[in-house]
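Asker: This is the structure I have questions about; it appears just below.
The values are calculated or read from the model by the stated rules, or taken from the named source; none is laboratory data. Note that this is a predicted model, so its numbers are computed, not measured. Neighbour counts run over all protein chains shown; Cβ positions are idealised from the backbone, glycine included.
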Amino acid sequence: MHHLLLFLGILLLPKAYTLKCYECAAGSSGTCIDTTKECPPLATQCSALRIIMYSGESVIADINGKSCSFTEHCAQASVNFGLTRTVLTNQCCNTDLCNRLPAPDYSKARPSGRKCFTCNGLQCTATVECQGNEHHCISTTVDIKGQKTTMKGCASKQMCTNTEQVEGLIGTQISCCEGDYCNSGSRPRAGFLLLVAPLLSLILHCNKFL
């Protein structure tokens with residue numbers, strides 16, 4: 001009798017639910033072709049990822065991607081170095097194939113009221129007005145081919161709380177603080193292309209970051 005009850009219990013157990021999501025790898029073309037994927041057990045969210053990068057007022061990258069995701073990775077984050085600003089959105093939902101639409105554009109934001117130092121010319125004493133959810137000032141030191149440069153600006157809380165992940169991707173030392181101009185200090189900086197390179201690296205590895 002005991003074995004019969006055990007056998008019936010196994011038959012009546014509900015099948016484990018596996019979330020299905022659209023998936024497409026973010027790439028430099030800005031678009032991707034959807035496929036469907038069964039998510040790992042701990043990935044309980046479908047996500048639509050979007051990364052928009054500005055040089056001044058001009059968009060120089062607008063990249064979309066889709067995947068399974070984890071709840072803690074569902075967020076909107078941005079970093080603003082004055083010359084460049086990058087906005088990353090990972091919009092999530094938790095039903096099968098719910099990430100059909102691309103993530104919205106949250107890059108157009110009002111000033112947050114925070115002001116931070118940014119690097120302009122050979123000094124890091126210029127001012128950048130933070131936007132949207134950028135309530136922190138940030139300082140980073142980038143090492144590219146043995147050349148170190150300092151970048152300063154504004155960042156959202158999400159960028160500052162994931163510093164270990166970002167540092168692992170783009171090879172920077174990152175520090176954040178709260179308060180106007182709290183990222184004080186002045187160091188020489190490299191040219192514009194050197195500033196863009198680490199952010200492009202972050203875009204190309206965005207799925208790892210999220």
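Asker: Just to check your reading of the model, which residue among SER175, SER156 is modelled with pLDDT under 90, closer than 16 Å to ASN80 by Cα, under 17 Å from the mean Cα position of the chain (by Cα) and small (Gly, Ala, Ser)?
Answerer: It is SER175.
Asker: Being modelled with pLDDT of 90 or more and of a type outside the set (Ser, Thr, Tyr) is true for just one of ILE63, ILE52, ILE10. Which residue is that?
Answerer: Testing whether each residue is modelled with pLDDT of 90 or more and of a type outside the set (Ser, Thr, Tyr) leaves just ILE52.
Asker: Moving on. When you go through LEU49, LEU97 one by one, which is the residue that is part of a loop (DSSP other than H, G, I, E, B) and not acidic (Asp, Glu)?
Answerer: LEU97 is the lone residue from the list that is part of a loop (DSSP other than H, G, I, E, B) and not acidic (Asp, Glu).
Asker: Does CYS130 satisfy the criteria of being among the hydrophobic types (A, V, I, L, M, F, W, C), in contact with a Pro (Cβ under 8 Å, 6 or more places away or on another chain), at pLDDT 95 or above and part of a strand (DSSP E or B)?
Answerer: Against the criterion (among the hydrophobic types (A, V, I, L, M, F, W, C), in contact with a Pro (Cβ under 8 Å, 6 or more places away or on another chain), at pLDDT 95 or above and part of a strand (DSSP E or B)), CYS130 qualifies.
Asker: What are the residue pairs meeting all of these: first residue in region 42-53, first residue at negative phi and surrounded by fewer than 22 Cβ atoms within 10 Å (Cβ to Cβ), second residue polar (S, T, N, Q) and part of a loop (DSSP other than H, G, I, E, B), Cβ atoms under 8 Å, and 6 or more apart or on different chains?
Answerer: What qualifies is THR44/ASN94.
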